[in-house]
Amino acid sequence: MTNIYKEILQAKSQKNKLLAILIDPDKVVIETIFDLIKKINQSSATHIFVGGSSFDGNHLDEIIILLKQNINLPIILFPGNPSQISSEADGILFLQLLSGRNPDYLIEHQIDAVTILEKTKLEVISTGYILIESGSETAVERVSKTKPLDRNNIDYVAQTAKAAEYIGSKLIYLEAGSGAEKAVPLEMVSEVSKRISLPLIVGGGIRSKKAIEETFLAGADMVVIGTAFENDINFFDN
């Protein structure tokens, strides 16, 4: 067990809530990255996630190096495929898309990533990734060619999360998807958090500081903000 995951476990045990800002490299302009960095440093973020559903890997190292030089937070890869692995980051969420049955996202991409990861010192954190229906088709759906789980079938989602824990996942990530119309239902967050003993991450469709707080109160250990911050770099000033 290494540092990032240890710290997440410690935060959970102490009921300290964590906030990750998700940066999609496709949407980062190197020339204006220092404006982004300034706002991250002024925010309450505890972690930086880097990745996107369709990013091809160009300039990923450069982006992460600039982030690391100017932000004193763990930088964790949130990859859509093995081309989004950078040895410059601190860790990687080793995702298994458990809401779908596409073998590429259940095991094939993970196998392809092994030879790359073995050449890095990245902390690899096994993560059960569960996509929840959000009112519109998301990039994850299009790229993975899978359907999300029904947002009204809370018990089935909780069973899926518990199965991921039994399989050996270290984190559970409930995801409504980038730009989701609707966030993961708070009742679902609450039920999943009760059923599992693992840290619970929730992201997608969370557009306000009030929504962040409500998601924490429902049982999330970490909330992820992506599109809301992309669309309003002053999100945390409001």
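The values are calculated or read from the model by the stated rules, or taken from the named source; none is laboratory data. No experiment lies behind these values; they were computed from the predicted model shown. Neighbour counts are summed over all protein chains in view; Cβ atoms, including those assigned to glycine, are modelled from backbone coordinates with ideal geometry. Surface areas here come from the heavy atoms of the whole protein model, side chains and all, with no ligands, DNA or RNA. Shrake-Rupley method; radii C 1.70, N 1.55, O 1.52, S 1.80 Å.
Odds and ends about this structure:
- Average accessible surface for region 4-231: 45 Å² per residue, computed with a 1.4 Å probe over protein heavy atoms with every protein chain in place.
- Charge dipole (debye, nearest 20) of the chain; +1 at Cβ of Lys and Arg, -1 at Cβ of Asp and Glu: 700 debye
- Accessible surface of region 24-124 [probe 1.4 Å, protein heavy atoms]: carbon and sulfur percent: 51 percent
- Legend: distances between Cα atoms for LYS17/LYS38; LYS27/LYS162; LYS68/LYS182; pairs beyond 29 Å are LYS27/LYS162; LYS68/LYS182.
- For the chain, calculated [θ]222 nm from helices alone, where every DSSP H run of n ≥ 4 adds -39500 (n - 2.57): -10500 deg cm²/dmol
- Between region 1-80 and region 95-139, the alpha-carbon center distance in angstrom: 18 Å
- Region 4-231 - percent relative contact order, Cα under 8 Å, separation 6 or more: 18 percent
- Cut-off under 5 Å, modelled amide H: who pairs with LEU198 long-range: none
- Among [x] 17.2, 54; [y] 19.0, 57; [z] 16.4, 46, the entry that matches Rg and Dmax of the Cα atoms in Å as calculated here: [z]
- Inter-probe distance in nm under a simple model that places probes 7 Å from Cα toward Cβ, at ILE111 and ASN58: 3.1 nm
- The label-point distance for ASP104 and LEU9, in a model that sets each label 7 Å from Cα toward Cβ, rounds to 3.4 nm.
- Paramagnetic reach from SER126 (point 7 Å along Cα→Cβ, amide N under 13 Å) across region 137-181: 163-172
- Most tightly packed first, judged by the mean number of other beta-carbon atoms within 10 Å of their residues, the peptides 113-123, 176-186, 159-169 read 176-186, 159-169, 113-123.
- Each peptide in 71-77, 203-209, 146-152 receives the mean, over its residues, of other Cβ atoms within 10 Å, and ordering these scores from highest gives 203-209, 71-77, 146-152.
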